[in-house]
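Comments concern the structure below.
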Amino acid sequence: TEMTTVYFDKDVMRLGELIDSYPAELTGNMDYMLKDRNVNWMKVLPDLMKTGSQFIAVGAGHLPGENGLISLLRKQGYKVTAVTK
């Protein structure tokens, strides 16, 4: 599918566009599923990362956008890099 291709291309912006393009009838409450859960993760992650670099695996939908984990972590000064191998 296009989403799989975009994910493997590491095109986070396009991934967000695809997620936003799905009709609400199919996706349900995306604020709860993504934004609210990301905000809750941001209450937990800083304590987990105090000891150093961490590998954090989440669903791809949690990555893009201003309320995505990548943006939220960077806003708090963290360096976020993709694991490619």
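Structural remarks
- Residues in the range 1-20 that are over 19 Å from Asn67 (Cα atoms) and part of a loop (DSSP other than H, G, I, E, B) were compared, and the one that is most open to solvent (accessible area, probe 1.4 Å) is Thr1.
- Among residues of the range 11-33, those that are at pLDDT below 85 and under 23 Å from Val83 (Cα atoms), counted: 1
- Residue within the range 34-47 that is touching a Phe, Trp or Tyr at 6+ places or on another chain (Cβ under 9 Å), within 20 Å of Leu73 (Cβ to Cβ) and either assigned to a loop (DSSP other than H, G, I, E, B) or modelled with pLDDT of 85 or more (or both) present: yes
The values are calculated or read from the model by the stated rules, or taken from the named source; none is laboratory data. Keep in mind that this is a model prediction, so the values were computed, not measured. No Cβ is skipped: glycine too gets one built from the backbone with ideal geometry, and neighbour counts run over all protein chains shown. All accessible areas refer to the heavy atoms of the entire protein, side chains included, with ligands and DNA or RNA removed. Shrake-Rupley method; radii C 1.70, N 1.55, O 1.52, S 1.80 Å.
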